Number of protein chains: 2
Amino acid sequence: MPELISSLRAIVGASHVLDPADPAVDLAPYTRDWRKRYQGRARAVVFPGTPIEVAEVVRLCHRLGVALVPQGGNTGLVGGGVPDESGQQVVIQVGRLNRVRRIDKANLTMEVEAGCVLAHAQQAATAAGLMLPLSLASEGSCTIGGNLASNAGGTQVLRYGNAREQCLGLEVVTPEGAIWNGLRGLRKDNTGYDLRDLYIGSEGTLGVITAAVMRLQPAPIGVVTALATCADLVDATDLLVQAQARCAMTLTGFEVMNRTSIDLVRRHFPQLAQGVPAANWTVLIELSGPTSEGMTRLQLEELMADCMDRGLIDDGLIAVSMQQSRTFWHLREAIALAQSQEGLNVKHDISLPVSAIGEFVAGADAAIARHVPGARMVCFGHLGDGNLHYNVQAPEGQDPAAFLKNHEAGLNALVYDAVVHRGGSISAEHGIGRLKRDELRLRHDPVALALMQRIKSALDPSNLMNPGKVL
Amino acid sequence: MPELISSLRAIVGASHVLDPADPAVDLAPYTRDWRKRYQGRARAVVFPGTPIEVAEVVRLCHRLGVALVPQGGNTGLVGGGVPDESGQQVVIQVGRLNRVRRIDKANLTMEVEAGCVLAHAQQAATAAGLMLPLSLASEGSCTIGGNLASNAGGTQVLRYGNAREQCLGLEVVTPEGAIWNGLRGLRKDNTGYDLRDLYIGSEGTLGVITAAVMRLQPAPIGVVTALATCADLVDATDLLVQAQARCAMTLTGFEVMNRTSIDLVRRHFPQLAQGVPAANWTVLIELSGPTSEGMTRLQLEELMADCMDRGLIDDGLIAVSMQQSRTFWHLREAIALAQSQEGLNVKHDISLPVSAIGEFVAGADAAIARHVPGARMVCFGHLGDGNLHYNVQAPEGQDPAAFLKNHEAGLNALVYDAVVHRGGSISAEHGIGRLKRDELRLRHDPVALALMQRIKSALDPSNLMNPGKVL
């Protein structure tokens, strides 16, 4: 083991390798996942400063038969970025690769290193008068490399797509330590197999992403936000259909929150829910118009009025200022935090065809109520993308930890069975990692799983790149 | 050989197998490519009627060690869909798999079989009040399966992306005859490696696409088109930047045509160029607004006026009717036909970062003028996507066939060297097929090529699926 550490230090410099044998060092930030479900052990944590150093580290580990775990901001929700309990895996931390290398304003692209924090990349785009419309709760600490490795989603997918759709090119170190330079800023490029999209979403199991070319967008001109309340989710879905038909590409946000979600925010962050009418379902609608804010507001008012006439909306509230608009988004974003305050819960990050969502939620709500009487369904998310966070909180007054322990497996089975039955996905935006690996094996198309396994074996025959994750 | 034919007939029915030994049968439509560069021979042409029959045909051929060439509308431009000259390959023609299986209006998706002609799929979407915004010159005969296998581009990429971005799910028969059912209509789905995008653009070398779920879009509301003339390509690029900044997602078309392109249309289809001012560069701009046609027209007028003030545009013409708008598009689409009328020429389907295009064209024009004095550069294409058709026509009065024979290799080397040097692609939307296989091998990143080869070997270890194409 000492030879490994000294060899790593020879590559990246002594101060850029953390050795667990050093009593002054706390490895927890690199060995424990964000949700604190997995506490692993590392043989070393190494911080390369250049892609060439990444390649040298990978070659060294490949030669020695040492497994590697690539890690960015360590904000993943499925345990994909932390080592296992063996103490044999090396964490390759890309946080020092944090430069925005170049912004090409005419081409609307940014070349950025994997360890750059998402918020910094967003700020660099904004400073250039443009926009990087990838936006997630963890944007202050997650990194571009991790966003791509996990194909992150977030709140702007409806209009701009997932991390996948926002990436044009990649630089990757392969499991054997070669550097693939695929840093192309092209919107059309049909030269062989699509390696870019294979690496995106592969969660570090096929190599280490070291840099990317991201698409930028012109800054939006008129952005207007509203809240609308609906009697049920079918009405909310119909409202979505109307909004898409009438506003087309102007519709940039369509988030739903059920009553329990907002009640939890009201309990834990009362100021954020002030003035929000109580309702079965609350929808956050955002339009980003091509001309003025005034024109966009007019369009939103017409949509809301028409949908009230149709009986889809009961009540509505159009933000009168940027400040109020931010409050609406804070309400939406506070749900996850309010859930944490309320205590441990069973989380599901699922997606379904939009047309199936109303029936799915009605069916799953009823089944869960039978399974655990009093369980509180906290359902919210990106209805415009068919993506719901369908979480289950313990009945009022019950111990959350005991609830999680006793019911997680049963609730997962119930929810995932219903999702798969309706053509949905058991992981819409969080990925598979370690948390859902067994679920994937159990529920995914066996032909697809066999193809994935062949690809993994072909590109990482020694199985040293983030082993035990995804497959 | 007779056993193969009779076994194929047992699977798909006697009338759905064409046997080259039958003197009454003309196999040319299936063995010769659209550009007539490749005239192959087939051991048989088989027309399965269901995905299960496709799988049975593939399993039979796999067992017998017979290579297969998947084929849709046979409109490809790189020889990817026709058999080689050996007479040993079976063409698997998917034209009978031509159903639109289902349109889900709330989910904005269409499930469609691989052999469905693109125009039929477009019509089905339109009939449902929606839009399938994949649009190419060959849409009357190309098929969805071929569009996906080659990741087709076309004129609506700027706003809606390539075929890749418009596809949510696939059904594929693997090289060993298993059926992967990946027909999901989900906008977010992070469950393992992205097999969908691996198959899209793999040109039939990894399996046979049998069906797909395509994204649909709300029908656009106000569509307005204009022509603008620019003194040079740098002005046209600046105009693009302005249009993107001012119109954002409203900009749905931005095509350029150089003087020679329009002169050729003027010569061969004079009625299409009537009233079009002569200029070094002509730009076709299309906006699709979210509200009314009147609002969109106002936005386009403001853009044009402002860009005239800035000196980017010399002259402009906003279409006053849908009829005139169609004429503008016909002008653009007629260039390829006018080139055919003018005679054989050297074609390049390239892409570059938008910021590099002005310098690229200036440099390549000058180099070609030195290489073949009098050669006529016919340069047109999708500037908004960085994709140019940079074609070279023989000098006036010279024999096109002799020009092609003498200069194709030299001009290709000159153009492709310059493209690669500037971070561009030697095949933006046409793919690799057989035509550009050697160029790919020569010019592509060697690490990427090695990864592609590993994937091919892993998924098609017997190399029976469209061998000799792409890699």
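What follows is calculated from the coordinates using simple rules that are stated; it is not laboratory data. These numbers were taken from a predicted model, which means no experiment stands behind them. Cβ placement follows ideal geometry from the backbone for every residue including glycine, while neighbour counts extend to all protein chains displayed.
Miscellaneous remarks
- One compactness figure for region A:428-469 is 1.19, namely its Cα radius of gyration divided by 2.2 N^0.38 Å.
- Distance cut-off 16 Å, percentage of C-alpha pairs in region A:158-227 lying past it: 54
- For chain B, DSSP calls about 90 percent of its internal beta bridges antiparallel.
- Expressed per residue, the C-alpha convex hull volume of region A:195-234 stands at 189 Å³.
- Estimated from helices alone, the mean residue ellipticity of the protein assembly as shown at 222 nm is -11500 deg cm²/dmol (sum of -39500 (n - 2.57) over DSSP H runs with n ≥ 4, per residue).
- Listed by chain and number, the lysines whose C-alpha is less than 23 Å from the C-alpha of B:Lys105, apart from same-chain residues fewer than 8 away, are B:Lys188.
- For region A:46-120, the alpha carbon convex hull comes to 105 Å³ per residue, rounded to a whole number.
- Each residue of region B:62-67 was assigned a 3J(HN,Hα) from its phi angle through the Karplus expression (A = 6.51, B = -1.76, C = 1.60, θ = phi - 60°), giving 4, 5, 8, x, 9, 6 Hz with x at Gly and Pro.
- Region A:219-288: C-alpha gyration tensor shape, a/c 1.5 cut-off, then a/b vs b/c: oblate
- Taking θ as phi - 60° and the Karplus parameters 6.51, -1.76 and 1.60, the scalar couplings of region A:196-206 work out to 3, 6, 5, 6, 5, x, 8, 6, x, 8, 10 Hz in sequence order, x denoting glycine and proline.
- Residues with amide H under 5 Å from that of B:Gly253, placed H, sequence gap 5 or more: B:Glu286
- In nanometres and ascending order, the distances from the B:Arg99 label point to those of the other copies are 5.7 (point 7 Å from Cα along Cα→Cβ).
- Look at the dipole of chain B built from charges on Cβ: of B:Pro277, B:Ile368, B:Gln88, the Cα furthest out on the positive end belongs to B:Gln88.
- Cα centroid separation - region B:373-450 against region A:124-183, whole Å: 31
- At 7 Å out from Cα toward Cβ: B:Ser141 inter-copy label distances (nm, ascending): 6.0
- Neighbour counts of other Cβ atoms within 10 Å put B:Tyr193, B:Tyr160 in the fewest-to-most order B:Tyr160, B:Tyr193.
- Stokes-Einstein diffusion of region B:321-409 at 37 °C, 0.692 mPa s viscosity, Kirkwood radius from Cα pairs, rounded to a whole number: 231 µm²/s.
- Modelled spin labels at B:Ala336 and A:Ala305, positioned 7 Å past Cα toward Cβ, are 4.6 nm from each other.
- Ordering A:Glu3, B:Glu408, A:Glu113, B:Glu85 by the number of other Cβ atoms within 10 Å of each residue's own Cβ, fewest first, gives A:Glu3, B:Glu85, B:Glu408, A:Glu113.
- Per-pair calculated FRET efficiency, R0 = 60 Å: B:Arg326 and A:Asp417 via Cβ, rounded to 0.05: 0.70
- For A:Lys405, the lysines whose Cα comes closer than 22 Å to its Cα, not counting residues fewer than 8 places off in the same chain, are A:Lys36, A:Lys347, A:Lys436.
- Value of relative contact order over chain A, rounded to a whole percent, pairs C-alpha under 8 Å and six or more apart: 15
- Legend: ranking of residues A:Glu255, A:Glu301, B:Glu171 from fewest to most surrounding C-beta atoms inside 10 Å; resulting order A:Glu301, B:Glu171, A:Glu255.
- Calculated FRET efficiency for the pair A:Ala10/A:Ser457, C-beta based, R₀ 22 Å, to 0.05: 0.10
- Entry note: the protein assembly as shown has Rg to Rh equal to 0.96, where both radii use alpha-carbon atoms and Rh is the Kirkwood radius.
- Along region A:88-101 the Karplus relation, 6.51 cos²θ - 1.76 cosθ + 1.60 evaluated at θ = phi - 60°, assigns HN-Hα couplings of 9, 9, 9, 8, 9, 8, 9, x, 7, 7, 10, 8, 7, 6 Hz to successive residues, with x for each Gly and Pro.
- Volume of the Cα convex hull of region A:1-47, divided per residue and given in Å³: 69
- For A:Ser15, label point 7 Å along C-beta direction: distances to other copies, nm: 8.1
- Region B:1-94: translational diffusion in µm²/s, Stokes-Einstein, Kirkwood Rh over Cα pairs, 20 °C, 1.002 mPa s: 163
- Dipole magnitude of region B:1-151 about its Cα centre (Cβ charges: Lys, Arg +1; Asp, Glu -1), debye to nearest 20: 160
- Sequence-distant residues sharing a close amide H with B:Val223 (under 5 Å, placed H): B:Gly289
- Computed magnitude of the charge dipole of chain A (debye, nearest 20; Cβ of K, R +1, Cβ of D, E -1): 980
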